[in-house]
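This report concerns only the one structure given below.
The values are calculated or read from the model by the stated rules, or taken from the named source; none is laboratory data. Just so it is clear, the model here is predicted, and its values are computed rather than measured. Virtual Cβ from ideal backbone geometry, glycine too; neighbours counted across all protein chains shown.
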């Protein structure tokens, strides 16, 4: 039924101006529109709507994730733009903060936006 409909991803932000700069300038997403209630970005063909909210408490898991072909390069580029990658106790992450899923070869790195939403990068094994 909805399999052929366009998907819009909805994320809340209490830090509207900081979120605009982060998603547009730091992550490089193209802004499609903005009004007093939300900003809409093109995330490689998927619509990302950052909705202005009052109080906000981030959830304890990733809300957005990007599949990348070279996670080392992507982490390095984002780190060069000021992004700090998360480190988690009990997970063996490399010097960049990248974790390799045991036995699967999938590599993942996590970072947060200005509201504390966890975002991720994932590189599938070759």
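Given the options 33, 4, name the one that is out of contact with any helix residue (DSSP H, G or I) (no Cβ under 9 Å at 6 or more places or on another chain) and either in a loop (DSSP other than H, G, I, E, B) or at pLDDT below 95 (or both).
Only one candidate qualifies: 4.
For the subset of segment 7-30 comprising residues that are under 19 Å from residue 65 (Cβ atoms) and assigned to a loop (DSSP other than H, G, I, E, B), which member is modelled with the lowest pLDDT?
Taking the candidates together, the pick is 7.
For a quick check of your reading of the model, give me the residue pairs whose first member lies in segment 38-61 and is over 18 Å from residue 21 (Cα atoms), whose second is outside any loop (DSSP other than H, G, I, E, B), with beta-carbon atoms closer than 6 Å and at least 6 apart or on different chains.
Final answer for the pair search is 56/12.
Consider residue 69 against the criteria (1) touching a residue at least 40 places away in the same chain (Cβ under 8 Å); (2) surrounded by fewer than 13 Cβ atoms within 10 Å (Cβ to Cβ); (3) closer than 15 Å to residue 11 by Cβ: it satisfies all of them except one. Which criterion is unmet?
Going through (1) touching a residue at least 40 places away in the same chain (Cβ under 8 Å); (2) surrounded by fewer than 13 Cβ atoms within 10 Å (Cβ to Cβ); (3) closer than 15 Å to residue 11 by Cβ one by one, residue 69 breaks only (3).
Working carefully through the options 41, 111, 85, find the one that is under 17 Å from residue 13 (Cα atoms), outside the structural domain of residue 11 (by TED's automatic domain parsing), at pLDDT 95 or above and surrounded by 14 or more Cβ atoms within 10 Å (Cβ to Cβ).
111
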